[in-house]
Every structure is written in C-alpha cells, then in structure tokens.
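**Student:** Sharing a structure with you now.
The values are calculated or read from the model by the stated rules, or taken from the named source; none is laboratory data. The model shown is predicted, which means the values in this text are computed figures rather than measured ones. Note that we place each Cβ from the backbone using ideal geometry, even for glycine, and neighbour counts take in every protein chain shown.
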Amino acid sequence: MPKATIERATKQKRAIRSAFESEGRPLSTTEAFEAAQALIEGLGIATVYRSIKSLLDDGWLTPIDVPGKGILYEVAGKEHHHHFSCTTCHRVFELDGCADDVLVPLPRGFKATGHDLTIFGRCATCAAQQRSPAAKKPVAGSKSIRVSEAAKRR
C-alpha cells in the first residue's frame, strides 16, 4: 500500500508542476490549486501546499514577493526579470529582461546590490475588454458595484 501513496503524491506533484508550466506566470497557492485541479480530480489544497514546499526545497520553484499580492511562486532558474501586475484581473506576469534605465540615482555613499521592479496596469486581455463596449462583464473573482445615476450626482 505505501507504493500507491508514493505514486499518488508523484502524480499530484506532476500536476502542480504542469500547472506552473502551462500558466507560464507566477502563481499563488490558490491559483496553482485551481489549475492543478483540472488535471487531478480530488486534489486537496493541503497537498498543493506540501508540493509547493517540496518544489521550493528541490529548487524547482522560487518565491517572489509582489507588492499587494504576498508571496507568489514561479519556476526557478530564469534570468533576472521583472513583473507586471494587472490591476483588473489581479494576475501577475513575467516581463523579459531588465530595464536598467529606470533605476534612480542613489544618494552619495549608497551602494546598490540589486533591484526589483513591478509595473502595474491592465494586461492585454483586460485592456481589450475595457475597449469593447460589449465586454462589461466582471472578471472572475472580482466584485462589481452598480451605482445609480442619482447616486453619482450626489
């Protein structure tokens, strides 16, 4: 029976790895859970937490701290890069390369040892939806509040 438990854990860990690879962007534990659930029926959130910890210990994942998002995880071993955080759908995307020219001059005597940059705005999908008059549907997980015209004039 222990062999079945090991195989089950392996399948689940593979599904979680696959979720990160197929999404191709940093994921929260919840996002990884939702993506992996599509691959493994009955996957539990505790298993996702354990698998992410194991993938961190293995050096396959790396944690990133995005302002306003907390800790997300992305596949490790990538070159230095920055992130884009969509203020509409709340997903975070990787940006290729580094924009060295956005660094500000440091005060006299300061020595930089690194930097991190997160750009905020609307991703291509959300920007296109905003331009389309037919696309007034809220993004999954977001809240929509309707304000009457009378309330707007107050």
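**Student:** Mind checking which residues of the range 106-128 are part of a helix (DSSP H, G or I), free of Cβ contacts under 8 Å to residues at least 40 places away in the same chain and surrounded by 10 or more Cβ atoms within 10 Å (Cβ to Cβ)?
**Tutor:** Selection gives 125, 127, 128.
**Student:** Moving to a separate point now. Are there any pairs, at least 6 apart or on different chains, whose C-beta atoms fall under 8 Å, with the first in the range 70-85 and of a type in the set (Phe, Trp, Tyr) and the second loosely packed, with under 12 Cβ neighbours inside 10 Å and in a strand (DSSP E or B), and if so, which?
**Tutor:** Here the result reads 84/121, each pair linking the range 70-85 to a residue that is loosely packed, with under 12 Cβ neighbours inside 10 Å and in a strand (DSSP E or B).
**Student:** Could you please give the count of residues in the range 56-84 that are among the hydrophobic types (A, V, I, L, M, F, W, C) and loosely packed, with under 14 Cβ neighbours inside 10 Å?
**Tutor:** Going through the range 56-84 one residue at a time, the tally reaches 2.
**Student:** Still on this structure, I have one more. Are any residues in the range 65-86 in contact with a helix residue (DSSP H, G or I) (Cβ under 6 Å, 6 or more places away or on another chain) and of a type in the set (A, V, I, L, M), and if so, which ones?
**Tutor:** The answer is 75, and nothing else.
**Student:** Of everything in the range 85-105, what is surrounded by 11 or more Cβ atoms within 10 Å (Cβ to Cβ), of a type in the set (Gly, Ala, Ser) and modelled with pLDDT under 90? Give them in sequence order.
**Tutor:** Within the range 85-105, 99 is the sole residue that qualifies.
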